[in-house]
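The values are calculated or read from the model by the stated rules, or taken from the named source; none is laboratory data. In this text, all values refer to a predicted model and were calculated from it rather than measured experimentally. Side chains are part of the model used for accessible areas, which takes the heavy atoms of the whole protein and leaves out ligands, DNA and RNA. Shrake-Rupley method; radii C 1.70, N 1.55, O 1.52, S 1.80 Å.
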Amino acid sequence: QIDQNLNIMYRQMVSSAKKTRLFMGQPYRAGDQPDPGAGSLENLPHNTVHIWTGDPAQPNSEDMGNFYSAARDPIFFAHHGNIDRLWHVWRGLRPGNADFTDADWLDTAFLFYDEEARPVRVRVRDCLDPAAMGYAYQDVGLPWLKAKPGKRSRRTPAPAEGALPATLRETVRVTVTRPQVSRSDKEKEEAEEVLIIEGIQVANHFKFVKFDVLVNAPESGGDAASGYCAGSVAMTPHMVRTNKKKGSMKTVARFGVCDLMDNIGADGDKTVVVSLVPRCGGELVTVGGVSIGYAK
């Protein structure tokens, strides 16, 4: 289990997160859809830790298991402090790992209360330097940095017979065409190949849902730590954000897959088979399509 967790963290922090939008998520501006797409760290481990530390004895897995009540749990501060630390760690992993520079993001402001209960407006740009806020993260080891999945023997998967859109009551396998193959190292560095899961709709976001996305995996499947896994979509229940009449939401997931294609010997393949494997609440999830694009 430890090895699997380290493999997952390597993927979420390194191989799937080589571009800022892949790590931090897509921009969200006035007029956009409410969930344009979370970053790698948001899905795992952020969302999954919320549900793991929720209370299953409560009707909606309160406290950590549902966003409306999560901050009541003493572990909330430690959890989000660690997510912030991982953001700080990510900045130092590669020269290109940097925050957004868009003024729309930097000047976004939030209201808080100070120690005397007075409202204080704080901008994002005011909170980006830990030293300026008077703290530093403990310098601890990062064992997941050495947990890169080993190379897999190239395999030709069985033809995919699934079609999208589809509800994930069971594993759905679809064939996806790659726009380019066998790109040079320079091309891969400049533009990350991205697997895009489009039109993800959750019929009832009052429940936790999770599914894994695998590429050219054996028909017997694999898990989130599998060398064939591009990533996972995990959504913590959110009682107040969703449409109360329908209880539904839509989003998009994006996974950087340059390293994955190399590791499974698929870099020269014109098509790959993508498996959408439900883990929890799959009957509530519909996926509209799967495609491949690029992120600079």
(message) Can you compute the helix-only [θ] at 222 nm over the chain? Use -39500 (n - 2.57) per DSSP H run of at least 4 residues, normalise by all residues, nearest 500 deg cm²/dmol.
(response) -4500 deg cm²/dmol
(request) Compute the relative contact order of the stretch 1-295 as a whole-number percentage, counting only Cα pairs closer than 8 Å that sit 6 or more residues apart in sequence. (result) 26 percent
(request) Roll a 1.4 angstrom probe over the protein heavy atoms and tell me the percent of accessible area of the chain that is carbon or sulfur. (result) 52 percent
(message) Can you work out the Karplus-derived ³J(HN,Hα) for every residue in the stretch 43-60? Use 6.51 cos²θ - 1.76 cosθ + 1.60 with θ = phi - 60°, whole Hz, and x for glycine or proline.
(response) 5, 9, x, 4, 5, 5, 5, 4, 6, 4, 9, x, 9, x, 6, 8, x, 10
(request) Give a residue-ordered list of calculated ³J(HN,Hα) values for the stretch 108-117 (Karplus: 6.51 cos²θ - 1.76 cosθ + 1.60, θ = phi - 60°; whole Hz; x for Gly, Pro). (result) 4, 10, 10, 9, 10, 10, 7, 5, 10, 6
(message) Just to check I understand the Karplus step: with θ = phi - 60° and J = 6.51 cos²θ - 1.76 cosθ + 1.60, what whole-Hz values come out for the stretch 183-190, glycine and proline as x?
(response) 6, 6, 4, 5, 5, 5, 5, 6
(message) Would the stretch 1-122 count as rounded, prolate or oblate if I go by the C-alpha gyration tensor, calling it rounded below 1.5 in a/c and otherwise prolate when a/b exceeds b/c, oblate otherwise?
(response) oblate
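Taking the inverse of the average 1/r across all pairs of different Cα atoms in the stretch 159-296, what Kirkwood radius in Å do you get? Don't skip to the answer; put the middle values down first.
Numbers: mean 1/r = 0.0646 Å⁻¹.
The Cα-based Kirkwood calculation yields 15.5 Å.
Assuming a viscosity of 0.890 mPa s and a temperature of 25 °C, what translational diffusion coefficient in µm² per second does Stokes-Einstein assign to the chain, Rh being the Kirkwood radius over Cα pairs? Show your work: numbers first, answer last.
Details: Rh = 20.3 Å.
Using the Kirkwood radius from Cα pairs, D works out to 121 µm²/s.
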(request) Could you work out how far helix 75-91 tilts from the main Cα principal axis of the chain, as a 0 to 90 degree angle to the nearest 10? (result) 60 degrees
(request) Hey, can you find the accessible area per residue of the chain for me, probe 1.4 Å, expressed in square angstrom? (result) 53 Å²
